[in-house]
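First the structure, in the form of structure tokens, and then the observations on it.
The values are calculated or read from the model by the stated rules, or taken from the named source; none is laboratory data. Here the structure is a predicted model, which means the values were calculated and not measured. Every residue, glycine as well, gets a Cβ built from its backbone with ideal geometry; the counts of neighbours run over all protein chains shown.
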């Protein structure tokens, strides 16, 4: 990938560091831009432009952790917070708008039986993305944790709760 763009979709505090690290490793030294994206899913009963700290604070925290993870690795990244009704459609839209060459996202194994093989967001994105998609699946044997490099960062309660369903 020469002078391309890597879009990394980050969802929660537990996976953000490993996803950003993977994106930076794949970006190489040739100047590929890494953009971390968090989609804030807004319930149908609320307007998309509703401003509520209770909604935005966890999302901003996840993006802050993405910037910190990149900084520890010596790279600066751009971050984007997008409000949408559907995360999968928003991720596809951002990948298209950015002209992404690669989209990296995580898969969380805590879905129900209907999503046993692959989650609905991951499934939709992998089928409709305008670029290659790399899906990171965490090991079942290794619990997710914040690395020693980010231990000094205060973890908010929001890191332990899902941001959207």
- Pick from the stretch 1-19, criterion in a loop (DSSP other than H, G, I, E, B) and surrounded by 12 or more Cβ atoms within 10 Å (Cβ to Cβ), ranking: nearest to the chain's Cα centre (by Cα): 10
- Quick one: in the stretch 20-31, of everything that is under 20 Å from residue 96 (Cα atoms) and touching a residue at least 60 places away in the same chain (Cβ under 8 Å), which residue is surrounded by the fewest Cβ atoms within 10 Å (Cβ to Cβ)? 26
- Consider residue 48 carefully, then state whether it is over 25 Å from residue 101 (Cβ atoms) and either within 19 Å of the chain's Cα centre (by Cα) or assigned to a helix (DSSP H, G or I) (or both). no
- Message: So if I check each of 100, 23, which one is part of a loop (DSSP other than H, G, I, E, B), under 23 Å from residue 127 (Cα atoms), in contact with a strand residue (DSSP E or B) (Cβ under 6 Å, 6 or more places away or on another chain) and modelled with pLDDT of 95 or more?
- Response: 100
- Please list, ordered by first then second residue, the pairs with beta carbon atoms under 7 Å, 6 or more apart or interchain, first in the stretch 92-119 and farther than 21 Å from residue 35 by Cβ, second at pLDDT 95 or above and outside any loop (DSSP other than H, G, I, E, B). none
- Query: Checking residue 34 against (1) closer than 18 Å to residue 130 by Cα; (2) in contact (Cβ under 8 Å) with a residue 12 or more places away in the chain; (3) not in a strand (DSSP E or B), which test does it fail?
  - Reply: (3)
- Item | Within the stretch 42-67, considering residues that are surrounded by 18 or more Cβ atoms within 10 Å (Cβ to Cβ) and in contact with a helix residue (DSSP H, G or I) (Cβ under 8 Å, 6 or more places away or on another chain), the one farthest from residue 9 (Cα to Cα) | 42
